[in-house]
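Novice: This is the structure, below, for whatever I ask next.
The values are calculated or read from the model by the stated rules, or taken from the named source; none is laboratory data. This is a predicted model, so every value here is computed, not measured. Heads up, the Cβs are rebuilt from the backbone with ideal geometry, glycines too, and the neighbour counts pull from every protein chain shown. For accessibility, only protein heavy atoms count, side chains too; no ligands or nucleic acids. Shrake-Rupley method; radii C 1.70, N 1.55, O 1.52, S 1.80 Å.
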Amino acid sequence: MILNQILSLSKNVTFQHTVNNGIRGSLLMRYTSIINEGSKKNIYTLKSETKNKPKLKASIPLTISTRNTGFFNKLRAQDLWKSMTSVSVTGRKRGRAKGKLASVKNLNKGQIIGVGEENVVFPGLNAPIFSGNALSRIEERPKDETRTKKLEEIRNSMGKYRRARLSPLERGWTSCNWAGRNVGPPISQNEGDSNDFSDFDTLILESKIVKIMTGNLGQKRRSSLFVVSGNKKGCAGFTLVKGNNVNNAIEKARKKVGQFLLYVDICEGDTVYHDFYCEFMYTKIFVKKKPEGYGLRCHRVIKEICKVLGIKNLNAKVEGSKNTQNITKAFFLGLLNQKTYQQMADEKQLYVAKLLPGMPPKIMAAPSNGHVRSSSDYGMGGKVEIERKKFVPFYERLPSWETHLKKVLKNRNHEKIERQLELEYGQVQSFLTEKYPECVPNYRPSSDE
């Protein structure tokens with residue numbers, strides 16, 4: 001009876017020849033385990049009879065109802081992780097996000113396609129198809145008992161965040177801020193550009209978070225970087241960029257700073273030509289030229305600018321606002337406005353000489369036209385300027401002034417003499433001090449004397 005129902009079902013359904021053989025054959029073989037041995041002969045006889053029958057048109061579709069949806073395959077992995085790694089807006093306002101939240105883990109890390117709990121070799125998937133000249137076969141190997149343990153160790157290590165260790169010279173001014181760090185040379189935007197920035201260094205002078213209010217996103221955070229770049233040979237530039245995060249802003253800065261380069265003349269390769277004063281907005285800078293070996297004694301922003309320019313000896317005092325951008329702009333304005341030795345010689349029509357202790361003056365530049373200004377060039381049309389008579393204070397005309405002069409007459413050279421004695425003997429003493437030790441100022445005899 002059961003066999004008749006199976007055969008009637010197979011007649012009413014049309015399959016392709018291969019599908020027909022597979023399904024109907026599987027149905028027949030399934031029910032042979034139920035029917036006794038005496039009926040097996042009839043089943044195989046019927047199977048051979050129905051095997052070579054022609055195709056039939058489908059009258060009733062064969063459908064099997066299955067449920068392949070659920071909570072875990074209905075939502076994306078991103079949504080599932082969000083429920084564990086985030087806090088609602090209301091909860092964030094109430095302070096629920098202050099603690100350390102879970103971090104998203106990549107569960108695919110450590111796993112290889114074709115390798116699972118059952119250690120089976122599949123040629124073409126996790127093993128080569130040919131092993132030498134022979135064709136590889138599917139084979140089962142012993143299970144890897146440590147596989148699950150290794151995966152757990154990899155996943156447990158994902159939640160632990162370790163800050164990358166930097167050497168003290170790479171940490172910048174402070175360890176918690178990008179300011180003072182070197183981020184590499186500028187990036188050329190044009191492919192095949194002849195500009196080579198390999199000898200340039202880009203330093204971050206200012207790093208901060210700025211916020212803007214948008215209509216659809218509300219308050220939006222962005223990273224702002226102010227950088228300076230130079231080749232330590234007088235060529236340098238600075239720029240201000242903003243990005244969605246620090247890494248994005250650094251990349252923008254390296255691409256942009258190469259377009260704003262300036263050239264500054266450096267005196268003797270290590271300092272400025274002369275002392276100068278410069279200002280920008282409310283920032284004032286007083287710069288002094290210093291000899292070799294003095295070093296850089298100035299604000300840290302000016303020190304970083306001098307490093308990328310190649311200036312090694314300098315003294316600078318900043319007054320007023322200590323804004324990083326204002327200091328940078330003021331210092332560059334002062335460097336660009338300084339005059340070289342040749343420009344000073346042409347302007348004054350005089351020789352520019354360098355005075356060194358114990359050596360004759362060294363001429364650094366002479367007027368280009370060869371004419372040196374002399375005393376005859378100082379004439380004022382035959383007129384001579386008369387010096388104004390010095391004003392005498394009123395108390396010098398009083399009788400008491402003469403009395404005062406008589407009192408201080410004996411001490412008139414004491415300060416000068418004390419200075420001279422300190423240079424000669426190292427202290428204020430008389431020429432009789434070696435013979436008479438009491439010949440020193442403020443001498444107090446001991447109790448024995």
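Novice: Which numbered condition in (1) surrounded by 10 or more Cβ atoms within 10 Å (Cβ to Cβ); (2) touching a residue at least 24 places away in the same chain (Cβ under 8 Å) is the only one that Glu118 fails?
Specialist: Against the list (1) surrounded by 10 or more Cβ atoms within 10 Å (Cβ to Cβ); (2) touching a residue at least 24 places away in the same chain (Cβ under 8 Å), Glu118 comes up short only on (1).
Novice: Continuing with the same structure: Does any residue of region 81-103 turn out to be modelled with pLDDT of 70 or more, aliphatic (A, V, I, L, M) and within 29 Å of Leu125 (Cβ to Cβ)?
Specialist: No, region 81-103 has no match at all.
Novice: Mind listing whichever residues of region 247-271 are open to solvent by less than 90 Å² (accessible area, probe 1.4 Å) and part of a strand (DSSP E or B)?
Specialist: Listed by number, the residues that qualify are Leu261, Leu262, Cys267, Thr271.
Novice: Looking at (1) of a type in the set (A, V, I, L, M, F, W, C); (2) part of a helix (DSSP H, G or I); (3) more than 41 Å from the chain's Cα centre (by Cα), which one does Leu169 not meet, given that it meets all the others?
Specialist: (3)
Novice: Looking at region 232-244, which of its residues are among the basic types (Lys, Arg) and part of a strand (DSSP E or B)?
Specialist: Within region 232-244, just Lys242 meets the criteria.
Novice: Among the listed residues Lys105, Lys98, Lys109, which satisfies the condition of being surrounded by 12 or more Cβ atoms within 10 Å (Cβ to Cβ), among the basic types (Lys, Arg) and assigned to a loop (DSSP other than H, G, I, E, B)?
Specialist: Among Lys105, Lys98, Lys109, only Lys105 is surrounded by 12 or more Cβ atoms within 10 Å (Cβ to Cβ), among the basic types (Lys, Arg) and assigned to a loop (DSSP other than H, G, I, E, B).
Novice: Next question. Confirm whether Glu304 is assigned by the TED database to the domain that holds Val228, within 20 Å of Val227 (Cα to Cα) and either at pLDDT below 95 or not in a loop (DSSP other than H, G, I, E, B) (or both). If you could, list the steps in order and put the result at the bottom.
Specialist: Working: assigned by the TED database to the domain that holds Val228: yes; within 20 Å of Val227 (Cα to Cα): yes; either at pLDDT below 95 or not in a loop (DSSP other than H, G, I, E, B) (or both): yes.
Considered against the rule, which asks whether it is assigned by the TED database to the domain that holds Val228, within 20 Å of Val227 (Cα to Cα) and either at pLDDT below 95 or not in a loop (DSSP other than H, G, I, E, B) (or both), Glu304 comes out as yes.
Novice: I would also like to ask the following. May I ask you to say which residue of Ser229, Ser223, Ser198 is part of a strand (DSSP E or B), within 30 Å of Asn337 (Cα to Cα) and either among the small types (Gly, Ala, Ser) or modelled with pLDDT under 95 (or both)?
Specialist: Ser229 is the lone residue from the list that is part of a strand (DSSP E or B), within 30 Å of Asn337 (Cα to Cα) and either among the small types (Gly, Ala, Ser) or modelled with pLDDT under 95 (or both).
Novice: Restricting the search to region 131-173, which residues are more than 30 Å from Glu118 (Cα to Cα) and either open to solvent by 90 Å² or more (accessible area, probe 1.4 Å) or at pLDDT 85 or above (or both)?
Specialist: The answer is Lys160, Tyr161, Arg162, Arg163, Arg165, Pro168, Leu169, Glu170, Arg171, Gly172, Trp173.
Residue-by-condition table, conditions (1) open to solvent by 30 Å² or more (accessible area, probe 1.4 Å); (2) over 15 Å from the mean Cα position of the chain (by Cα):
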position	(1), (2)
Ile209	yes, no
Met213	yes, yes
Gln219	yes, yes
Leu225	no, no
Leu240	yes, no
Asn244	yes, no
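Novice: To continue, here is another question. Sort through Thr202, Thr271 and tell me the only one that's closer than 30 Å to Ala353 by Cβ and touching a residue at least 40 places away in the same chain (Cβ under 8 Å). Quick ask: steps written out before the conclusion?
Specialist: Values: Thr202 fails: closer than 30 Å to Ala353 by Cβ.
Within the list Thr202, Thr271, the selection yields Thr271.
Novice: Something else: Looking only at region 394-403, decide whether some residue is assigned to a loop (DSSP other than H, G, I, E, B) and surrounded by 10 or more Cβ atoms within 10 Å (Cβ to Cβ). Working first, answer last.
Specialist: Taking region 394-403 first, the residues assigned to a loop (DSSP other than H, G, I, E, B) are 398.
When the remaining residues are screened for being surrounded by 10 or more Cβ atoms within 10 Å (Cβ to Cβ), the result is 398.
Within region 394-403, one or more residues are assigned to a loop (DSSP other than H, G, I, E, B) and surrounded by 10 or more Cβ atoms within 10 Å (Cβ to Cβ).
Novice: Assuming Pro185 fulfils every condition listed in (1) open to solvent by less than 20 Å² (accessible area, probe 1.4 Å); (2) under 15 Å from Leu309 (Cα atoms); (3) outside the structural domain of Glu304 (by the TED database) apart from one, which condition is it?
Specialist: (1)
Novice: Among residues belonging to region 272-297 that are under 28 Å from the mean Cα position of the chain (by Cα) and in a strand (DSSP E or B), point out the one that is farthest from Tyr341 (Cα to Cα).
Specialist: Here the answer is Thr283.
Novice: Still on this structure, please answer the following. Go through (1) at pLDDT 90 or above; (2) open to solvent by less than 90 Å² (accessible area, probe 1.4 Å) one by one and return the number of the condition Val372 breaks.
Specialist: Here Val372 clears every test but (1).
Novice: Being under 12 Å from the mean Cα position of the chain (by Cα) and small (Gly, Ala, Ser) is the filter here, so list the residues in region 193-207 that pass it.
Specialist: Ser207
Novice: Test Leu355 against the stated conditions and say whether it is out of contact with any strand residue (DSSP E or B) (no Cβ under 9 Å at 6 or more places or on another chain), open to solvent by 40 Å² or more (accessible area, probe 1.4 Å) and free of Cβ contacts under 8 Å to residues at least 60 places away in the same chain. Outline the logic, then answer.
Specialist: Values: out of contact with any strand residue (DSSP E or B) (no Cβ under 9 Å at 6 or more places or on another chain): no; open to solvent by 40 Å² or more (accessible area, probe 1.4 Å): yes; free of Cβ contacts under 8 Å to residues at least 60 places away in the same chain: yes.
So Leu355 fails the test.
Novice: Right, here's the next one. Name the residue, out of Glu319, Glu347, Glu304, that is more than 25 Å from Arg373 (Cα to Cα) and surrounded by fewer than 15 Cβ atoms within 10 Å (Cβ to Cβ).
Specialist: None of the others qualify; the one that does is Glu319.
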